[in-house]
Amino acid sequence: MFSGTNLPRVGNYNYNVVLSLIQASDGISRVEIANDTGLTAQTVGVIVRRLIQEGIVHESGSSPSAGGKPRTILRIIPTSAYAVGIHFDPREMSIVVVDMTGQRLAHSHREVSPVLDPEVLIEQGAMTVHRLLRELGVPAERVLGVGAACPGPIDQGQGQVTSPPRLDRWTEVPIKRLLRKYVGFDVVVDNDANAAAIGERWSGHGRTSSDFAYLYMGTGIGGAMFLSKNIYRGVSRNAGEFGHLIVEPNGTPCYCGNRGCLEAMSNPAAIVKNVHAELAMGHRSSLAAAYEQSPALVDHVTVCKAAASGDVVARRAIDRSAELVAQCAVLIANAIDVELLVIGGKSILHVEEIYRQKAAEYLQTQPLARKMHTVRVAISEVGVDGAALGAASLVLHAAYAPDTGDLTSG
Ligand SMILES: [Zn+2]
C-alpha cells in the first residue's frame, strides 16, 4: 500500500491514500490504516472523521483484535458517488454506470458503423448516459465525471486520439472537449488498456496486487502496468504497448513499422487469416462447411467457439496465438518483475483458459526470476465490459487515487 506522509501541508494526498486503502479493502479498521500507511493514529482519525462527515465512508460492524477491544470496521458507502464509463471501439460503443465501489449498476451496448461521424456518436453516447442516470435515479450532483476509453495512442494534452490504427475517422477528434460539451460532466480520457487495468484495480484481481501487468486482447492488443499500486504511464502516457513487443523476428509486418509484433501475429484478424488459410487447403474441420458457403461466416468469435469445443484447425490457431502471448508474458515478466499478469478483453472470450494455461506454463519455466517467485496468471474478473468499466474506474481513480490530478474539465 501507499505510505502516507505526516507533513501538514499534504493533507489532500493523505486523504486520498486513506480513501484508496478503504476502497481496496473489504472493510478495514483505523489501526490497520495507520499501520499500512505509516500515518499517525491522530491523522487517520481526522481523515476518517472527514470521510464520514462527507458521507463517503461509514462504520460497519467491528472485528476482534488480539487482546484489545474490538476494532470498528470502515467501509465505502456505495451510493456516495457515481461514475460513468464509455468505451469507444472501432466496432461498438459500451457505456456503464458504476457506484463508488466500482460496481456496475447499468449498462448499454451498441454496434457502431465505422462511417458514423464521431461527433454524432459522442452526442448519442451522451444522450444514453443521461438516460441511464435518469433510469437509475442518480442525481447529477453525485456524478463525479465520465471516463472515456479509446484505442491508443492518446494525446492526453489535447484529450484526443492520434492516428488510431482502426479508427480512421477518429484521428485528432477532440473527444474530451466534445464529450464534455454534450454530457455536461467532467471528462477523463485514456487508452482502453489503461482503462481496463484501472478497472481491474478497482473491481478485480488488482485489488489485492501491488504490482501487476495487464494484457488487453481487444480488436488490437494493448497493455498496461500497475507498479507499486499505481498505473505507470510513461513520458507520453503511452507505456505498456505490449502488443508491439516482437515475438517473431521477420514475422508479419505491423502497422507500427516493425515486423513480428504480437499485435500483427496474434490479433483476431491474424488468427482468422490463419484458420482461413488451413480451410482453403481443405483441412478437415467443423468450420469447413461454413467456410465453403462464405469465408466471412468463419469470423473470430466462430473460431474461438470451435476451438473451445475441440475443432483441430481452430484449436491450432488459438494455441499458436496463446504461445505468442505466453512469449510476450515472459518478456513482460523479465522487464518489470510483476507478481501477477491479468489477461482480459473480449477477443479471448470462449478460449480464456487456453491463454491462461499457456502463459502460466511459460511463466513457470522461463523468466530469470522464476526461482524467486512465480508470476501468477489470471483472466480479468471485470469481464468483456472491462474497458467501459475501467473507463468509469478512471474517474474514481482520477478523483481518489493518491496521484490525483487527471480529472480536469478540459
Ligand atoms: Zn507493431
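Just to be sure, is Arg284 without any contact (Cβ under 8 Å) to a residue 40 or more places away in the chain, charged (D, E, K, R), open to solvent by 10 Å² or more (accessible area, probe 1.4 Å) and in a loop (DSSP other than H, G, I, E, B)? Yes, satisfied. Only one entry of Arg320, Arg284, Arg315 meets the criterion of being more than 20 Å from Ser266 (Cβ to Cβ) and of a type in the set (Lys, Arg), and that entry is Arg284. Would you confirm whether any residue within the stretch 320-334 is buried (at least 19 other Cβ atoms within 10 Å of the Cβ), outside any helix (DSSP H, G or I) and of a type outside the set (Gly, Ala, Ser)? No, that holds for no residue.
Close contacts from the stretch 58-87, counting a first residue that is farther than 22 Å from Arg142 by Cβ and a second that is at pLDDT 90 or above and charged (D, E, K, R), with Cβ to Cβ under 9 Å and a gap of 6+ residues or different chains, come to Gly61/Arg75; Arg71/Arg30; Arg71/Glu32; Thr72/Arg30; Thr72/Glu59; Ile73/Glu59. Out of Tyr182, Tyr232, Tyr216, one residue alone is buried (at least 24 other Cβ atoms within 10 Å of the Cβ) and either at negative phi or not aromatic (Phe, Trp, Tyr) (or both). It is Tyr216. Could you list, in sequence order, the residues of the stretch 238-265 that are in contact with a helix residue (DSSP H, G or I) (Cβ under 8 Å, 6 or more places away or on another chain) and within 28 Å of Trp202 (Cβ to Cβ)? If the condition is that a residue be in contact with a helix residue (DSSP H, G or I) (Cβ under 8 Å, 6 or more places away or on another chain) and within 28 Å of Trp202 (Cβ to Cβ), then Gly240, Phe242, Gly243, His244, Leu245, Leu262, Glu263 are the ones that fit. Being more than 16 Å from the ligand (Cβ to nearest atom), within 25 Å of the chain's Cα centre (by Cα) and either exposed (fewer than 13 other Cβ atoms within 10 Å of the Cβ) or not in a loop (DSSP other than H, G, I, E, B) (or both): is that true of Lys273 here? So Lys273 does not fit the description; no. Pull up the stretch 235-249, narrow it to residues that are open to solvent by 40 Å² or more (accessible area, probe 1.4 Å) and either within 10 Å of the ligand (Cβ to nearest atom) or of a type outside the set (D, E, K, R) (or both), then point me to the one that is nearest to the chain's Cα centre (by Cα). The qualifying residue nearest to the chain's Cα centre (by Cα) is Glu241.
Considering only the stretch 309-319, state which residues are open to solvent by 60 Å² or more (accessible area, probe 1.4 Å) and small (Gly, Ala, Ser). The answer is Ser309, and nothing else. With the condition kept exactly as written, say whether any residue in the stretch 250-261 is more than 12 Å from the ligand (Cβ to nearest atom), open to solvent by 70 Å² or more (accessible area, probe 1.4 Å) and over 20 Å from Lys358 (Cβ atoms). Checked against the condition, which is being more than 12 Å from the ligand (Cβ to nearest atom), open to solvent by 70 Å² or more (accessible area, probe 1.4 Å) and over 20 Å from Lys358 (Cβ atoms), the stretch 250-261 yields at least one hit.
The values are calculated or read from the model by the stated rules, or taken from the named source; none is laboratory data. All values reported here derive from a predicted model rather than from experimental measurement. Using ideal geometry, Cβ is built from the backbone for each residue, glycine included, and neighbour counts are taken over all protein chains shown. Surface accessibility is based on the protein's heavy atoms, side chains included, excluding ligands, DNA and RNA. Shrake-Rupley method; radii C 1.70, N 1.55, O 1.52, S 1.80 Å.
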